Amino acid sequence: MQALTSTTSNINMEQISNETIKTIYQRRAVRKYKATLVEPSLIEQIIDAGRMAPSAINKQPWKFYVVSNKETISTFSKEIFRAAFIDTIKSGVAHVIKTAKDLMHFSNRSFHLHVDDVVFHGAPLVIFISSSKQNEWAELDVGMCAQNMMLAAKSMGIDSCPVGLAKFAAHAKSYSKLNVPATHRINLAVIFGYGNETPEIHVRIKNNVVYID
Ligand SMILES: Cc1cc2nc3c(=O)[nH]c(=O)nc-3n(C[C@H](O)[C@H](O)[C@H](O)COP(=O)(O)O)c2cc1C
């Protein structure tokens, strides 16, 4: 696991002794990966950590779709990016500018580093997560589930990045490969692998708390 430093943020890493909190601070959105595969037993532990997330009325509305074939990931990446781009164009000018900016933010470095994989950043493992369309809390549940997975992964030395663009998977030609039930939609994907970069910590906004007497 990477060494803790206090050079890049308003967080004083040296004062943190609790292992869970350290892992929370150490997790970064990683967008450059080594080719090393994630062992199947670790994949299972990551998914199990996701299953342990809280969910509204204990519905556990998530399903996981594990993709580790390089070609399949690359194909999904191209098809999803195309679908996101078309959606952007169709959505009108204001939305185009905002979303195009977001798309560039999401895939900025990836454009230069992984021309074959602008969405999944060359990661060797993609886990799509779907949830029930009928459940109004499902997206929140999936967010918690994904965070559990990313923290569990980090605690085992595996890096990750959430990929919201994966919500366009339903418009990808390869979507049927995932066998997502008609009652479900893909909310998110999380990519995993052994990172080949150590991103700086984005300084966190602090003036967002209201204490009430
Ligand atoms: C719901 C959600 C969707 C995201 N989608 C993408 C994405 O499509 N592509 C990407 O590269 N990063 C994506 N990110 C990662 C964020 O850009 C990243 O978490 C943020 O910049 C903060 O950086 P940090 O995770 O290293 O603290 C997403 C994050 C969240 C929570």
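The values are calculated or read from the model by the stated rules, or taken from the named source; none is laboratory data. Remember, it's a predicted structure, so these values are computed and weren't measured experimentally. All Cβ positions, even for glycine, are placed from backbone atoms using ideal geometry, and neighbour counts span all protein chains on display.
Odds and ends about this structure:
- Of all residues in segment 68-86, exactly one satisfies the criterion of being in contact with a Ser or Thr (Cβ under 6 Å, 6 or more places away or on another chain) and more than 14 Å from residue 163 (Cβ to Cβ), namely 75.
- Filtering 85, 76, 64 for residues that are modelled with pLDDT under 95 and either in a helix (DSSP H, G or I) or closer than 30 Å to residue 134 by Cβ (or both) leaves a single hit, 85.
- Just one of the listed residues (212, 205, 191) is hydrophobic (A, V, I, L, M, F, W, C) and within 18 Å of the chain's Cα centre (by Cα), and it is 191.
- Residue in segment 37-52 that is part of a helix (DSSP H, G or I), in contact with a strand residue (DSSP E or B) (Cβ under 6 Å, 6 or more places away or on another chain) and more than 16 Å from the ligand (Cβ to nearest atom) present: yes
Each row is one residue, and each column tells you yes or no for (1) more than 22 Å from residue 68 (Cα to Cα); (2) among the small types (Gly, Ala, Ser); (3) buried (at least 18 other Cβ atoms within 10 Å of the Cβ); (4) within 15 Å of the ligand (Cβ to nearest atom).
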{"position": "131", "(1), (2), (3), (4)": "no, yes, yes, yes"}
{"position": "137", "(1), (2), (3), (4)": "yes, no, no, no"}
{"position": "140", "(1), (2), (3), (4)": "yes, no, no, yes"}
{"position": "158", "(1), (2), (3), (4)": "no, no, yes, yes"}
{"position": "169", "(1), (2), (3), (4)": "no, yes, yes, yes"}
{"position": "175", "(1), (2), (3), (4)": "no, no, yes, no"}
{"position": "187", "(1), (2), (3), (4)": "no, no, yes, yes"}
{"position": "195", "(1), (2), (3), (4)": "no, yes, yes, yes"}
{"position": "205", "(1), (2), (3), (4)": "yes, no, no, yes"}
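- Filtered residues of segment 168-196 (kept if touching a strand residue (DSSP E or B) at 6+ places or on another chain (Cβ under 6 Å) and in a helix (DSSP H, G or I)): 169, 178
One line per residue, one yes/no per condition, for (1) among the hydrophobic types (A, V, I, L, M, F, W, C); (2) crowded, with 18+ Cβ neighbours inside 10 Å; (3) within 18 Å of the chain's Cα centre (by Cα):
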| residue | (1), (2), (3) |
| --- | --- |
| 16 | yes, no, no |
| 29 | yes, no, yes |
| 38 | yes, yes, yes |
| 51 | no, no, yes |
| 64 | yes, no, yes |
| 72 | no, no, yes |
| 80 | yes, yes, yes |
